[in-house]
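The values are calculated or read from the model by the stated rules, or taken from the named source; none is laboratory data. These numbers were taken from a predicted model, which means no experiment stands behind them. Quick reminder, even Gly has a Cβ in these numbers, built from the backbone with ideal geometry, and neighbours come from all protein chains shown. Accessible surface is based on the protein model in full, side chains and every heavy atom, while ligands, DNA and RNA are left aside. Shrake-Rupley method; radii C 1.70, N 1.55, O 1.52, S 1.80 Å.
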Amino acid sequence: MSTTSTPDATLSGSEAEATRKVGPLLVMPSVIVLLAWMIVPLVMTLWFSFQYYNLVDPTTRGFAGIDNYAYLVTDPDFWVSLENTLILLVAVLVITVGLGTLLAVVFNLPFPGRNIARVLAISPFFVMPTVSALIWKNLLMHPIYGVFGALASTLGLPPVDWFAQFPLAAVIAIVSWEWLPFALLILLTAVQSLDHEQREAARMDGAGPLAQFFFITLPHLSRAIGVVIMIETIFLLTVFAEIFVTTSGGPGNATTNLAFLIYARALLQYDIGGASAGGVVAIVLANIVAFFLVRSIARRLEV
Amino acid sequence: MRATPLQRLLSFIFGWGAALLLFFPIAWMVLTSFKSERDATSPGLFFAPSLDSYRDVFARADYLSFALNSVVISVGGTVLALLFAIPAAYAMAFHPTHRTRGTLLWMLSTKMLPPVGVLVPIYLLFRTAGLLDSRSGLVMIYALMNLPIVVWMLFTFYKEVPNEILEAGRMDGAKTAGEVWFLLLPLTLPGVASTGLLSLILCWNEAFWSLNLTSAGAAPLTAFIASFSSPEGLFFAKLSAASTMAVAPILVFGWFSQRQLVQGLTFGAVK
């Protein structure tokens, strides 16, 4: 409880009365619209997931029991999509948190032009996903016209057709490029709040840079790293635009993640029931992460 | 902090190395946007710069309508979210009750609902209500999508206003509405501005709902850029010119709001 947050105690009786009435009235509109925004689609998704419902085939409608789920778990595409979702998630997390931590330490040290370098480094985060994906796919990764291909041929290597040979790795590269600045930005803020005296004391006691990093910086960062991992997980579980504009889930189902599978079921095959069952799986997955994220934020919240 | 010359040299090399590598795709995009289509397909540094690609993109009569859609939808979504959030954040920061903490955390948890999980019902509801491919539909979605973040950020800023100032205002007879309008808003204007800025950035770059709920009429720039993905339409220079124009304004906004961004994106969990 902070000192500025108990105004009611200093108010006279009638004013306190007034704020008791006004307060909830001001919060109510936000609560109501958010409640509707959450509950209505959630209930509908659950409902549809137990229904036979295809937009192009109006003859078959009705209660489906667990058929949609049964179909989902027997569909090899579903398991591939879960696997792809997981690979994408873990790979991007390892790359962004690993490099992000190192870069945060580097950008905390004084060097000429640091502020400009930092601004350049975090820029990719502000690029819209469709632009990131198409720039990488066409200008950088194109086997004939791209920069990587040109570099490879300068070195005498055969050019790589990234989206044909390593499609998932190509998507991972793009998504990592978008999220590394986020990790860097958050972790840099956390590094900067590190107590200098503590580091100074460690240095005096003869701790080298590596020891300082592993025994002081890293433990200090653990909380921030946890937050970065959880927030990124929420977004990475449902990466969509990058896949939509580069591979459309292909070749075959090589880059189909859960989000793209649900999209394809719903808006390409018009299978509302099946897509909803997939949606429920996505919601459950996200909620497992959300539980831990909300708990760790709650610990920090002072009202 | 003191650093040895070696540390300085290493951090200079690694810091600038990383910065240049990370920025390279953006720089290359800007460079390519000034090439002709013929030059754009050969990754050379030397070429005769031209504005042809920009001219071509503008010549597509609909470019301006996509840009306008982006502006209207982002600003609309942000203003709508602020209208709902300002009173709520004010009440929770200055007149907290035993429910405030729970309400804040619950609002945060609504942000955790993956959009793809509710794609089907939202699409069907929009179809029924005639909101598919409409700006007002996206404005609503974006406002709701950002409302929890906006409330949280405003709440954080309001908490930093010393209560004595409001007390003095009340002594002078300011009512709640006047208190918000004449005291709080001017005091927290920087906070409201950076909250709005973050919301604008998030709306501008949003590419799930805009791709799924719009086709032509209300499609913003994210969807316009996506239309370059067809294999028949590989025009590198025009793609780069259109992308540069779509990214530039928000990149500048982003540079100015890095600090507040951390607070907004982590819900105050990292300081």
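Out of curiosity, is residue B:27 in the same structural domain as residue B:206 (by TED's automatic domain parsing) and not polar (S, T, N, Q)? When the stated conditions are applied, residue B:27 does not pass them.
Taking residue A:219, is it outside any helix (DSSP H, G or I), open to solvent by 40 Å² or more (accessible area, probe 1.4 Å) and closer than 26 Å to residue A:90 by Cα? For residue A:219, the condition - outside any helix (DSSP H, G or I), open to solvent by 40 Å² or more (accessible area, probe 1.4 Å) and closer than 26 Å to residue A:90 by Cα - is not met. When residue B:242 is tested against the conditions (1) in contact (Cβ under 8 Å) with a residue 24 or more places away in the chain; (2) facing another protein chain (nearest Cβ under 9 Å); (3) closer than 25 Å to residue A:236 by Cα, the lone failure is (3).
Of all residues in the range B:84-106, those satisfying the criterion of being open to solvent by 10 Å² or more (accessible area, probe 1.4 Å) and under 21 Å from the mean Cα position of the chain (by Cα) are B:84, B:86.
If you go through the range A:195-216 and keep only what is surrounded by 15 or more Cβ atoms within 10 Å (Cβ to Cβ) and within 25 Å of residue B:263 (Cβ to Cβ), you end up with A:199, A:216. When the range B:1-40 is filtered for residues that are closer than 17 Å to residue B:242 by Cβ and not in a helix (DSSP H, G or I), the ones remaining, listed by number, are B:34, B:35, B:36. Anything in the range B:201-238 that is under 18 Å from residue A:136 (Cβ atoms), free of Cβ contacts under 8 Å to residues at least 24 places away in the same chain and in a helix (DSSP H, G or I)? List them, or say none. Selection gives B:211, B:225, B:226, B:227, B:228, B:229, B:231, B:233. Please verify whether residue B:20 is more than 12 Å from every other protein chain (Cβ to nearest Cβ), at pLDDT 90 or above and open to solvent by 70 Å² or more (accessible area, probe 1.4 Å), treating the condition exactly as stated. No.
Scanning the range B:130-183 for residues that are surrounded by fewer than 16 Cβ atoms within 10 Å (Cβ to Cβ) and modelled with pLDDT of 90 or more yields a total of 1. I'd like to know if the range A:236-251 contains one or more residues that are away from chain B (no Cβ under 12 Å), open to solvent by less than 20 Å² (accessible area, probe 1.4 Å), on the phi > 0 side of the Ramachandran plot and in a loop (DSSP other than H, G, I, E, B). Yes, some residue in the range A:236-251 is away from chain B (no Cβ under 12 Å), open to solvent by less than 20 Å² (accessible area, probe 1.4 Å), on the phi > 0 side of the Ramachandran plot and in a loop (DSSP other than H, G, I, E, B). Just one of the listed residues (A:197, A:178) is closer than 30 Å to residue B:265 by Cα, assigned by TED's automatic domain parsing to the domain that holds residue A:233, acidic (Asp, Glu) and at pLDDT 85 or above, and it is A:178. Taking every residue in the range A:102-124 that is facing chain B (nearest Cβ under 7 Å) and open to solvent by less than 30 Å² (accessible area, probe 1.4 Å) and pairing it with any residue that is part of a loop (DSSP other than H, G, I, E, B) and aromatic (Phe, Trp, Tyr), at least 6 positions away or on another chain, the pairs with Cβ-Cβ distances below 9 Å are A:117/A:111. Only residues that are open to solvent by less than 60 Å² (accessible area, probe 1.4 Å), of a type in the set (Val, Ile, Thr) and more than 10 Å from chain B (Cβ to nearest Cβ) were counted in the range A:32-85, giving 2.
Tally time: how many residues in the range A:261-284 are open to solvent by 60 Å² or more (accessible area, probe 1.4 Å) and at negative phi?
Counting residues in the range A:261-284 that are open to solvent by 60 Å² or more (accessible area, probe 1.4 Å) and at negative phi gives 3.
For the range B:103-113, how many residues are part of a helix (DSSP H, G or I) and facing chain A (nearest Cβ under 7 Å)? Steps first, please.
The initial filter retains those residues of the range B:103-113 that are part of a helix (DSSP H, G or I), namely B:103-110.
Right, trim to facing chain A (nearest Cβ under 7 Å) and you get B:103-105, B:107-110.
Within the range B:103-113, residues that are part of a helix (DSSP H, G or I) and facing chain A (nearest Cβ under 7 Å) number 7.
The rows are residues; the columns are (1) within 30 Å of residue B:158 (Cα to Cα); (2) loosely packed, with under 15 Cβ neighbours inside 10 Å; (3) without any contact (Cβ under 8 Å) to a residue 24 or more places away in the chain.
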| site | (1), (2), (3) |
| --- | --- |
| B:32 | no, no, no |
| B:38 | no, yes, yes |
| B:52 | no, no, no |
| B:74 | yes, no, no |
| B:81 | yes, no, no |
| B:108 | yes, no, no |
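Applying the selection to the range A:294-303, what residues are facing chain B (nearest Cβ under 7 Å) and in a helix (DSSP H, G or I)? Hits for the range A:294-303 are A:294, A:296, A:297, A:298, A:300. All conditions in (1) touching a Leu at 6+ places or on another chain (Cβ under 9 Å); (2) at the interface with chain B (Cβ under 10 Å from one of its Cβ atoms); (3) among the small types (Gly, Ala, Ser) hold for residue A:273, with the sole exception of (1).
Filtering the range B:72-102 to residues that are within 30 Å of residue B:207 (Cβ to Cβ) and at the interface with chain A (Cβ under 7 Å from one of its Cβ atoms) leaves B:84, B:85, B:88. Taking residues in the range A:22-45 that are in a helix (DSSP H, G or I), and partners anywhere that are open to solvent by 50 Å² or more (accessible area, probe 1.4 Å) and not hydroxyl-bearing (Ser, Thr, Tyr), the pairs with Cβ atoms closer than 7 Å and at least 6 places apart or on different chains are A:29/B:84; A:30/B:84; A:33/B:84.
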